[in-house]
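The values are calculated or read from the model by the stated rules, or taken from the named source; none is laboratory data. None of the values given here were measured: they were computed from a predicted structure. Here Cβ is always computed from backbone atoms with ideal geometry, including for glycine, and neighbour counts include all displayed protein chains. Quick note on the areas: whole protein, heavy atoms, side chains included, nothing else; ligands and nucleic acids left out. Shrake-Rupley method; radii C 1.70, N 1.55, O 1.52, S 1.80 Å.
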Amino acid sequence: MTSYPYLLFDADNTLFCFDEANVHAFRAVCDAFGLPFSQELFDRYEVINNATWERFDRGELTKDETVLERFRAFFAAEGIRGLDPAECNRVHLEDLGRATYLMPHAAEVIAKLREAHHIYLITNAVESVQRGRLGRSALAPYVEEAFISETAGAAKPSVEYFDYVFAHIDGITKENCLVIGDSLTSDIQGANNYGLPCCWYNPKRLLRPAALRVDYEIRDLRELYDIVK
Ligand SMILES: [Mg+2]
């Protein structure tokens, strides 16, 4: 009998390779609107994209404003005229929703763990993107439910978000589940806030923070076999 029958996986950069999907989606915008794609152009977009999402995190912009403002600010910085941020965002989200790049070993690990565990996704994301991506991915048959922040009306790391998750899983307790994720600020912080066991997926070998409880740390998803057996 496993000690963690309920596994709560983050999606982006834990099971799905968001970094790869993000470049692909930006390239799709370039292709659709006649911009010459280059890594340098993407890197400059990413600086503005990340800065705009930080404004969202600070509560200065709503999500709907953020996804438009990132393109508006990018076009302004590049001197690009005549493109509609809303159209660019639509193409971007559509492409993200089609992207099903997985992290190394994600498919085999999820299929194997499903034999003796319940598999759930806990993700801060746009509903349409996450549903589209999950539905098309190799993981779909193994995931019992995806809890998407936009639907929950709250996001990791808030207690309200985990209240929503717990209200929708029969039999889960704060002792019999394990949160698995790459993000210290949403996954591990969320598990700390709610008092849940947590496993930090840290393939980039970042420095472990002193201020957070990290019960397990892995570099490779296959290390989960021993942790949850
Ligand atoms: Mg993540």
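Find out how many positive minus negative residues lie around residue 166, taking Lys and Arg as positive, Asp and Glu as negative, among other residues whose Cβ is under 14 Å from that of residue 166.
Taking every Cβ under 14 Å from that of residue 166, the sum is -3.
Place a point 7 Å from Cα of residue 212 in the direction of its Cβ. Which residues in region 42-86 have their backbone N less than 20 Å from it?
50-51, 53-59
Note down the nm distance, to one decimal, between modelled labels 7 Å out along Cα→Cβ at residue 58 and at residue 98.
3.6
Taking loop as defined by DSSP and a crowding limit of 11 other beta carbons within 10 Å, which chymotrypsin sites (Phe, Trp or Tyr not before Pro) in region 140-229 fit?
Working: sites: 142, 147, 161, 162, 164, 166, 194, 200, 201, 216, 225; in loops: none.
When the chymotrypsin sites (Phe, Trp or Tyr not before Pro) of region 140-229 are filtered for loop state and at most 11 Cβ neighbours within 10 Å, nothing remains.
I need the calculated FRET efficiency for the pair residue 136 and residue 87, taking r as the beta carbon distance and R₀ as 30 Å, to the nearest 0.05. Don't jump to the answer; show the numbers that get you there.
Values: r = 23 Å, r/R0 = 0.77.
Calculated value: 0.80.
Does region 115-229 come out rounded, prolate or oblate, given a ≥ b ≥ c as the square roots of the eigenvalues of its C-alpha gyration tensor, rounded meaning a/c under 1.5 and, failing that, prolate meaning a/b above b/c?
Verdict is rounded for region 115-229.
For a test of understanding, tell me how many lysine pairs in the chain have Cα atoms under 19 Å apart, given they are 8 or more places apart or on different chains.
Values: 63/156; 112/229; 156/174; 174/229.
Going through the chain pair by pair, I get 4.
Can you give me the relative contact order of region 92-173 as a percent, contacts being Cα pairs under 8 Å and 6 or more apart?
Reported as a whole number, the value is 30 percent.
How big is the dipole moment of the chain about its Cα centre under a simple scheme where the beta carbon of each Lys and Arg is +1, that of each Asp and Glu is -1, and everything else is neutral? Debye, nearest 20, please. Mind dumping the intermediate values first?
Values: 24 positive and 36 negative charges, 58 e Å.
I would put it at about 280 debye.
For the chain, what does the alpha-carbon gyration tensor say about shape, rounded, prolate or oblate, given a ≥ b ≥ c as the root eigenvalues, a/c under 1.5 as rounded, and a/b over b/c as prolate?
prolate
Out of region 55-119, which GluC sites (Glu not before Pro) are coil in DSSP terms and have no more than 10 other C-beta atoms within 10 Å?
Here the GluC sites (Glu not before Pro) that fit, given the DSSP loop and packing criteria, are 115.
Counting helices only, and only those DSSP H runs with n ≥ 4, report the 222 nm mean residue ellipticity of the chain as the sum of -39,500 (n - 2.57) divided by its residues, in deg cm²/dmol to the nearest 500.
Taken over the chain, the calculation gives -14000 deg cm²/dmol.
With every protein chain left in place, what is the accessible area of residue 23 in Å² (1.4 Å probe, nearest 10)?
40
Using a 1.4 Å probe and counting only protein heavy atoms, arrange 204, 156, 112 so the residue with the most accessible area comes first.
204, 112, 156
Please give the charge dipole size of region 4-123, origin at the Cα centre, charges +1 on K and R Cβ atoms and -1 on D and E Cβ atoms. Round to the nearest 20 debye. Intermediate values should be presented prior to the final figure.
Values: 12 positive and 21 negative charges, 29 e Å.
Once rounded to the nearest 20, the dipole reads 140 debye.
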